[in-house]
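Below: the structure, in structure tokens.
The values are calculated or read from the model by the stated rules, or taken from the named source; none is laboratory data. The model shown is predicted, which means the values in this text are computed figures rather than measured ones. Quick reminder, even Gly has a Cβ in these numbers, built from the backbone with ideal geometry, and neighbours come from all protein chains shown.
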Amino acid sequence: MLDWNPNDPDTVKVHYDVRGWSLDQRAELSEALADDELAHVWEDDELVIPEELEADVDALFERLEVALGPFAVPLADGDDGIEFGLDEWPPADLATLASALIRFEIPHRWDATSVSVATEAESDVDGLLDDIEQGIYDAGVLGEGGGTAPEDALSTMFSAADRLAKDPEDESGREDIRELQGRITPAEPAYGLSAATWTKIVVAVEALVGALDDPEEGSVSDVIGAAQDLRSRVRGYV
């Protein structure tokens, strides 16, 4: 394990806010950090690590998100957000709302039966509240497509990206990734992936296709770089 002193003023530290995590989720995180021998300390609801371990801990969080997530996104400190008072809502509807806010990764903060959400999410949450009250929550709220990505999406991404990272002229890789781009959208994530993780992967696919279609000189290195980025993003899910 890396030997570091979190109290050293010259140490650059990275903070992860996990106040939205349950006790069980935090316990899983602590166990995973110990198993991977990643140096860390806790400061209230924040995990603190040395900067040089940031990539390793980011990868760990992505693995845990698949196994345990999605996780609640807390409203930033100092952000009052938009408050919704739900005193008259039954417990079942409150639980549904709590789950939906996590599912759609909307920054929020609970205070008893009132919830404050990020200002930019106000209209989305208004629609979500209406759908829950009317009993139609599953009918495509917040732009949700109601489906999932093709079952072979992640494996196709990985194999195509792997081939293109090694040979940017590989025809099979080029055809597979272009065909796949037309079958995936951010609104329909692959099974087990959070919306945020899936969106980053979709953007990486689009970046790779964009590099393939770039006629400018030097695009070969762009293709290799984009393919390597996509391959690294999906490696843990195939």
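Key figures
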item	result
Qualifying residues in segment 65-106 (those that are in a loop (DSSP other than H, G, I, E, B) and under 22 Å from I49 (Cβ atoms)) - the one modelled with the highest pLDDT	V73
Any hit, segment 112-119, residues being farther than 29 Å from D24 by Cα and either at pLDDT below 90 or outside the structural domain of T185 (by TED's automatic domain parsing) (or both)	yes
Boolean, S99 is farther than 22 Å from H15 by Cα and either in contact with a Lys or Arg (Cβ under 6 Å, 6 or more places away or on another chain) or outside the structural domain of Q134 (by TED's automatic domain parsing) (or both)	no
Single residue of segment 128-146 satisfying the filter (at pLDDT 85 or above and of a type outside the set (A, V, I, L, M)) that is farthest from the chain's Cα centre (by Cα)	E133
Pair list, Cβ under 6 Å, 6 or more apart: segment 7-30 residue more than 12 Å from D45 (Cβ to Cβ), other residue modelled with pLDDT of 85 or more	V12/E51; K13/V48; V14/I49; V14/E51; V14/E54
